[in-house]
1. Using the structure shown, decide if Val169 is in a strand (DSSP E or B) and free of Cβ contacts under 8 Å to residues at least 24 places away in the same chain.
2. Considering each residue of region 249-299, count those that are within 16 Å of the ligand (Cβ to nearest atom), under 18 Å from Asp63 (Cα atoms) and basic (Lys, Arg), and give that number.
3. Counting only residues that are under 30 Å from Glu326 (Cα atoms) and either polar (S, T, N, Q) or open to solvent by 30 Å² or more (accessible area, probe 1.4 Å) (or both), how many does region 33-51 have?
4. Quick test of your reading of the structure: Thr106 fulfils all but one of (1) more than 16 Å from the ligand (Cβ to nearest atom); (2) open to solvent by 10 Å² or more (accessible area, probe 1.4 Å). Name the failing condition by number.
5. Got a sec? Which helices (runs of 4 or more DSSP H) wholly within region 175-240 have at least 2 residues that are within 16 Å of Glu159 (Cα to Cα) and open to solvent by less than 20 Å² (accessible area, probe 1.4 Å)?
6. Which count do you get for residues in region 102-142 that are more than 18 Å from His170 (Cβ to Cβ), of a type in the set (A, V, I, L, M) and under 18 Å from the mean Cα position of the chain (by Cα)?
7. Here are Ala20, Ala54: which of them is open to solvent by less than 10 Å² (accessible area, probe 1.4 Å) and either on the phi < 0 side of the Ramachandran plot or within 20 Å of the chain's Cα centre (by Cα) (or both)?
Amino acid sequence: MTYSITLIPGDGIGPEVSGAARQVLDASGVAFQWQEALAGVAALDALGDPLPEATIEAVRAADATLKGPTTTPTGVGFRSVNVAIRQQLVLYANFRPARSLPGIKTRYDDVDLIVIRENTEGLYSGLEHVVVPGVVESLRIITAIASERIARFAFETAERQQRRRVTCVHKANILKLSDGLFLDSCRKIAAEFPAIEFDDCIVDAAAMKLVSNPHQFDVMVMENLFGDILSDLTSGLVGGLGVTPSANVGDGMAVFEAVHGSAPDIAGKGIANPTALILSGVLLLRYLGEKEAADRVERAIRAVLAAGETMTGDLGGQANTKQFTEAVLGEL
Ligand code: NAD
């Protein structure tokens, strides 16, 4: 079986890390047919559109998509293509596991939790307007349909991965209507999964508890902005943005990408850590049902990190992207 994969190289370090991840996936023993599609500044420069329709179609048509990070101008300019891809293709679930890796010294050992972020609404609905000069309103949309859908994804993930508990993270004490609806939706779906424990935690307390004892959490589900922030926090618990993968999942479609951005400060230098995107490739293999290949690639990454001889700069080493990738290919 040959899988058709759309590769979006992205901006900044995107082409460097996506090239590395592609090489590793090609060496995984699974056959891929790759087609490249542009998005972000690369697409704007080449085609005059940061998210061409052809790219959306290529993601829709593929068995899965591997995406490098894309740059979003701050304050002005085009809207985030990441948000647009997730919304246009209804990739409603953002799955971000945070699992300790060997050879990376962090404050805690044996962290193993999953952040599940609602990907289509909340403050990312992009509904902002000037009420009068000097006053701007942003609409934070929460719907029952999207909240129940993400809650169901969280419980189904917990069930499939034999997890013990799902925690709904919210701010329903202050946002009584919107987060009240999100929490109620989670409670409703929890009733369908009696074998999995359910509890909830206010987002500010969740941030403190994650930093003081991350082992108390298992699967965490939350709306868009809270998920964006807390998943960067959990990535910091296991070694940082350079090592944290993610998946954007919809019905019959998925886009796999690192949690990190295009890292303009190190772009073009060949020193980015490709681990996050390679581990996103591991999630892609699991999504395709290629468990053995996924385990093989994950073992290879863990072996290189455990040996500690070929670490990239963000992990305190001297290796560049190419040397790290070759070490992983060597292990494979
Ligand atoms: P960033 O994640 O790009 O970088 C933050 C810091 O982490 C930088 O110091 C960077 O050098 C470092 N870093 C990130 N990835 C690394 C890697 N693989 N190896 C080594 N070091 C790494 O965050 P930012 O600087 O806030 O954002 C830059 C751009 O990326 C912005 O335009 C932002 O909108 C965009 N962005 C895109 C995505 C995405 O495409 N999914 C996600 C986040 C940010």
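1. no
2. 0
3. Here the count works out to 7.
4. Every listed condition holds for Thr106 apart from (1).
5. Numbers: elements: 178-190, 203-212, 224-237.
The helices (runs of 4 or more DSSP H) meeting that bar are 178-190.
6. 1
7. Values: Ala54 fails: open to solvent by less than 10 Å² (accessible area, probe 1.4 Å).
Among Ala20, Ala54, only Ala20 is open to solvent by less than 10 Å² (accessible area, probe 1.4 Å) and either on the phi < 0 side of the Ramachandran plot or within 20 Å of the chain's Cα centre (by Cα) (or both).
To keep it simple, each residue is scored yes or no on (1) surrounded by fewer than 19 Cβ atoms within 10 Å (Cβ to Cβ); (2) within 11 Å of the ligand (Cβ to nearest atom); (3) at pLDDT 95 or above.
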site	(1), (2), (3)
Ala58	no, no, yes
Ala61	yes, no, yes
Thr70	no, yes, yes
Asn82	no, yes, no
Gln87	yes, no, no
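The values are calculated or read from the model by the stated rules, or taken from the named source; none is laboratory data. Note that the structure is predicted; figures quoted are calculated from it, not measured. Every residue, glycine as well, gets a Cβ built from its backbone with ideal geometry; the counts of neighbours run over all protein chains shown. All accessible areas refer to the heavy atoms of the entire protein, side chains included, with ligands and DNA or RNA removed. Shrake-Rupley method; radii C 1.70, N 1.55, O 1.52, S 1.80 Å.
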